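Just below is one structure, and these are the notes that go with it.
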Amino acid sequence: WEEERYPEGIKWKFLEHKGPIFAPPYEPLPENVKFYYDGKVMKLSTKAEEVATFFAKMLDHEYTTKEIFRKNFFKDWRKEMTSEEKSTITNLSKCDFTHMSQYFKAQTEARKQMSKEEKQKIKEENERLLKEYGYCVMDNHKERIANFKIEPPGLFRGRGNHPKMGMLKRRIMPEDIIINCSKDSKIPAPPPGHKWKEVRHDNKVTWLVSWTENIQGSIKYIMLNPSSRIKGEKDWQKYETARRLKKCVDKIRNQYREDWKSKEMKVRQRAVALYFIDKLALRAGNEKEEGETADTVGCCSLRVEHIKLHPELDGQEYVVEFDFLGKDSIRYYNKVPVEKRVFKNLQLFMENKQPEDDLFDRLNTSILNKHLQDLMEGLTAKVFRTYNASITLQQQLKELTNPDDNIPAKILSYNRANRAVAILCNHQRAPPKTFEKAMMNLQSKIDAKKEQLADARRELKSAKADAKVRRDEKSKKSVESKKKAVQRIEEQLMKLEVQATDREENKQIALGTSKLNYLDPRISVAWCKKWGIPIEKIYNKTQREKFAWAIDMAEEDYEF
DNA sequence: CCCAAGACTTGGAACAATCTTC
DNA sequence: GAAGATTGTTCCAAGTCTTGGG
């Protein structure tokens, strides 16, 4: 896909697609499924019923017990009610959705119990839709579209403590949709009886369809799949920028260390923030509108209350204790020894401030990024995350890979290197619900395997003894086969043990995000080539499609 | 310069498909 | 061949950074 270069800002010359798929229309509940208000059956209007089903479907979720969720939901629900409904239904606590909820559970169950043929039919229908709407033509290529289905209406579920949780996410209609395609393409037809909000031909952007969502008022897009030329090329560029940073990172580090001593407060704050971004892989931390989203922060938006200074802690000097909620309300907790100058600066920044005051009051992401732009073209805060993630992977792979290991052990090393990056980037997950049980199962498997091994060894021993006495071909052969059996079981045991270690270490760590977004895939491809590891062991099908450019490009000796 | 809008990347969880085990 | 475990896919929210207009 590296055929022609477009002039600055032009993303394509030809773009043709079929438009989006809309959410299926609401199907009213059967007559026998009842809603109760204050203990009495109540028949709801279609619109009110639809919104009620959104709530009923979430009844088992903790969300529906939360004050804010209930308040937001009830407010938006009432907007959909008829005036009679509005005057009757005045208290959410008197609403009984359990019958509706049971009905949906039964439906889910029924779907699971469907016959093979029925399931096959649904699958075929999905494939047909994918074939028709899932692809577009961009310039000379047929490309997969990422999200060609419009999000269905429902209740908004923010993450963490979101002030808007429970609000009604309205149904998107063709009249909300902006279509983007080229003039000379076949323009997608709106559903019968409808029209698009707008059809435009903007080849300076990559999206095919957009609409404005009603919760935050932000724009949503339909774009291409990661396997597409346009995404792949951008991804490649991202890593090339990070590699350019590698060349000048020492200089930049020296620079910000100098700046810790600056007379100007703004420069000092910038230098300390950059130190954190570099050392701890923190995100930039843009300002957010208060009350519109969950209260989370990144580096530039850290507040005094998010750090504690310890002149000495556990035998270490100048320790900064971080405790804040980052993106997606994931907690960042870390105790980091820092250089004395950084520590002194932090003390200075915190002087005469309230806990809720900004730590870096003279700094924001735009100031920081402008500075970075001067240090290196294309440099922004997030490049440090990419750079540090990728360089860490490369180092860790070098350090951890043992040439004598077999393939499973080498893959464990790979996962450990990946894990080091995930820890750096603070990619956490909730421990899987079945984690403990799965762990125990695996342990009993290991125990069983150990016993099997002991048995096999005993048998080998007696076969050897037997062979010594008999000295015939048959017993010799028996020894050989017993030896092989022992070896095989040893290998199986080792594999299980490796698996157990890997899983235990991975309990609360999410590897996916770093693998997909931060690690230069060429490092992994080169590592696979070097050690003869099949690429499928590292990347599944989707990942191989996304990283096709890297698999194509990288040789064994690739250096990030 | 500031701000809001816009475009695009990054994020964990839910859900679905597939594999393993009994 | 059903149930449970595991892996892959989809979903859509939540960030980053750029752009354009005052």
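Only the coordinates and a few stated rules stand behind these numbers; no lab work does. The model shown is predicted, which means the values in this text are computed figures rather than measured ones. Cβ atoms come from the backbone with ideal geometry, glycine included; neighbour counts cover every protein chain shown.
Quick notes
- Lysines whose Cα lies under 28 Å from that of A:Lys464, excluding same-chain neighbours fewer than 8 positions away: A:Lys449, A:Lys450, A:Lys474, A:Lys476, A:Lys477, A:Lys482, A:Lys483, A:Lys484, A:Lys495
- For chain A, the longest site-free run once trypsin sites (Lys or Arg not before Pro) in DSSP loop states with at most 11 other Cβ atoms within 10 Å are removed: A:264-432
- Using the Cβ-Cβ distance between A:Gln316 and A:Ala438 with R0 set to 35 Å, the FRET efficiency works out to roughly 0.45.
- Note on chain A: along the principal axes its Cα atoms extend 98, 74, 56 Å, ordered by decreasing extent.
- Computed from backbone phi with θ = phi - 60° and the Karplus coefficients 6.51, -1.76 and 1.60, the 3J(HN,Hα) list for segment A:198-203 is 6, 10, 10, 10, 10, 8 Hz; x is used for glycine and proline.
- Anchor A:Lys183: lysines whose Cα lies under 28 Å away (excluding residues fewer than 8 positions away in-chain): A:Lys11, A:Lys13, A:Lys18, A:Lys131, A:Lys142, A:Lys149, A:Lys195, A:Lys197, A:Lys204, A:Lys220, A:Lys231, A:Lys234
- Separation of alpha-carbon centers, segment A:74-119 and segment A:285-326, rounded to whole Å: 42 Å
- Positive dipole terminus of segment A:389-553, leading residue within A:Val525, A:Ala500, A:Leu511 (C-beta point charges): A:Ala500
- Loop sites in segment A:234-287: GluC sites (Glu not before Pro), DSSP, at most 16 other Cβ within 10 Å: A:Glu264, A:Glu287
- Segment A:309-370: GluC sites (Glu not before Pro) in DSSP loop, at most 12 other beta carbons within 10 Å: A:Glu351, A:Glu356
- Of the GluC sites (Glu not before Pro) found in segment A:9-73, the ones in coil according to DSSP and having at most 16 other Cβ atoms within 10 Å of their Cβ are A:Glu31.
- Each of A:Met223, A:Ile538, A:Phe14 was scored by the projection of its Cα onto the charge dipole of chain A, and the greatest displacement toward the positive side belongs to A:Ile538; charges sit on the C-beta of Lys, Arg, Asp and Glu.
- Computed FRET value (nearest 0.05) for A:Glu62 with A:Lys461, which takes r as the C-beta separation and R₀ as 60 Å: 0.55
- Placing +1 on the Cβ of every Lys and Arg and -1 on the Cβ of every Asp and Glu, with no other charges, gives segment A:29-87 a dipole of roughly 180 debye about its Cα centre.
- Computed magnitude of the charge dipole of segment A:447-521 (debye, nearest 20; Cβ of K, R +1, Cβ of D, E -1): 700 debye
- Measuring between their Cα centroids, segment A:9-50 and segment A:165-200 lie 16 Å from each other.
- Within straight-line cross-link reach of A:Lys263, lysines at Cα separation under 19 Å, skipping those fewer than 8 residues along the same chain: A:Lys340, A:Lys344
- The charge dipole of chain A, taken about its Cα centre with unit charges on the Cβ of Lys, Arg, Asp and Glu (plus for the first two, minus for the last two), comes to roughly 1380 debye.
- Reducing segment A:451-497 and segment A:266-282 to their Cα centroids gives an inter-centroid distance of 61 Å.
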